């Protein structure tokens with residue numbers, strides 16, 4: 001008898017509550033928290049999206065995206081029970097789940113702000129997703145702007161049940177640097193897998209032209225352009241992580 005093949009979805013995203021950080025960050029940081037608000041418009045095309053979500057985050061203000069990408073079917077809205085039901089419907093055994101729009105506030109050059117966002121997010125995941133860790137494998141974001149704090153957070157999330165951590169695609173220190181050896185050692189010692197996600201890192205709080213913002217805007221501009229060899233090569237580079 002052939003063994004059943006294990007199917008893993010490796011790039012899911014958890015929709016965080018829109019007020020998660022403005023209600024849970026230390027009070028002196030809440031005015032710089034990542035948050036979102038919804039607004040409704042008349043559809044731009046027949047049957048088009050009506051409800052949009054606007055993102056507010058330091059160094060990345062006002063990004064707007066359709067709240068619902070598809071026109072039919074239910075939306076999980078971050079509900080782990082529904083996520084697991086959808087995985088079963090799709091024949092998927094395990095889902096690796098990354099943060100969603102909070103990614104833009106987790107890896108900035110303001111260490112205190114980034115680490116505060118990471119700790120709030122990781123605590124929220126433990127609170128709500130722990131009963132589903134057999135089917136869902138959320139990644140714990142780990143800012144690298146302070147190596148000692150990064151190691152401490154790796155140890156903390158591993159103790160909380162995480163099996164994976166998420167590091168920025170654009171790190172503050174090159175990944176080959178020996179200064180980051182304690183991070184790799186902590187991941188290995190605590191048995192957590194290391195993941196990366198495109199368009200993370202490089203955010204400079206007071207620089208609107210920071211790396212992540214430029215990459216996101218370039219990718220957005222490419223969406224409706226004809227596919228050429230040059231465009232395909234560029235997407236391969238920016239999306240390969």
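The values are calculated or read from the model by the stated rules, or taken from the named source; none is laboratory data. All values reported here derive from a predicted model rather than from experimental measurement. With ideal geometry, Cβ positions are generated from the backbone for all residues, glycine too; neighbour counts draw on all protein chains shown.
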Inset, instruction - Output the number of residues of segment 160-176 satisfying the condition of being surrounded by fewer than 22 Cβ atoms within 10 Å (Cβ to Cβ), touching a residue at least 24 places away in the same chain (Cβ under 8 Å) and outside any strand (DSSP E or B). - result: 6
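Can you pull out the residues in segment 207-231 that are modelled with pLDDT of 75 or more and either surrounded by 10 or more Cβ atoms within 10 Å (Cβ to Cβ) or within 19 Å of the chain's Cα centre (by Cα) (or both)? Can you show your working first?
Of all residues in segment 207-231, those modelled with pLDDT of 75 or more come to 207, 225-231.
Across segment 207-231, the qualifying residues are 207, 231.
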Legend entry - From 120, 192, residue being over 23 Å from residue 32 (Cα atoms) and surrounded by 18 or more Cβ atoms within 10 Å (Cβ to Cβ): 192
Inset, instruction - Please name all residue pairs, on different chains or six or more residues apart, with Cβ atoms under 9 Å, provided the first residue is in segment 89-105 and is at positive phi and at pLDDT 90 or above and the second residue is surrounded by fewer than 23 Cβ atoms within 10 Å (Cβ to Cβ) and not in a strand (DSSP E or B). - result: 91/7
Inset, instruction - Within segment 148-163, work out how many residues are within 20 Å of the chain's Cα centre (by Cα) and either at pLDDT below 95 or closer than 27 Å to residue 210 by Cα (or both). - result: 5
Inset, instruction - Considering each residue of segment 94-134, count those that are in contact with a strand residue (DSSP E or B) (Cβ under 6 Å, 6 or more places away or on another chain) and over 14 Å from residue 13 (Cβ atoms), and give that number. - result: 8
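Restricting segment 76-88 to residues that are part of a loop (DSSP other than H, G, I, E, B) and touching a residue at least 24 places away in the same chain (Cβ under 8 Å), which is farthest from residue 135 (Cα to Cα)? Before the answer, list the steps.
Step one: filter segment 76-88 for residues part of a loop (DSSP other than H, G, I, E, B), giving 76-79.
The next check asks that each one be touching a residue at least 24 places away in the same chain (Cβ under 8 Å); those that pass are 76-78.
Working: 76: 16, 77: 18, 78: 15 Å.
Looking at the filtered set, the residue picked out is 77.
Does residue 110 satisfy the condition of being within 26 Å of residue 150 (Cβ to Cβ) and modelled with pLDDT of 90 or more?
On the way: within 26 Å of residue 150 (Cβ to Cβ): yes; modelled with pLDDT of 90 or more: yes.
Yes: the conditions hold for residue 110.
When residues of segment 137-149 are filtered for being touching a strand residue (DSSP E or B) at 6+ places or on another chain (Cβ under 9 Å) and either in contact (Cβ under 8 Å) with a residue 60 or more places away in the chain or assigned to a helix (DSSP H, G or I) (or both), how many remain?
Just the residues of segment 137-149 that are touching a strand residue (DSSP E or B) at 6+ places or on another chain (Cβ under 9 Å), to begin with: 137-145.
Imposing the further condition that a residue be either in contact (Cβ under 8 Å) with a residue 60 or more places away in the chain or assigned to a helix (DSSP H, G or I) (or both) reduces the set to 138.
Counting residues in segment 137-149 that are touching a strand residue (DSSP E or B) at 6+ places or on another chain (Cβ under 9 Å) and either in contact (Cβ under 8 Å) with a residue 60 or more places away in the chain or assigned to a helix (DSSP H, G or I) (or both) gives 1.
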Inset, instruction - Please specify each residue of segment 21-39 satisfying the condition of being at pLDDT 85 or above and either part of a helix (DSSP H, G or I) or loosely packed, with under 11 Cβ neighbours inside 10 Å (or both). - result: 21, 22, 23, 24, 27, 28, 29, 30, 31, 32
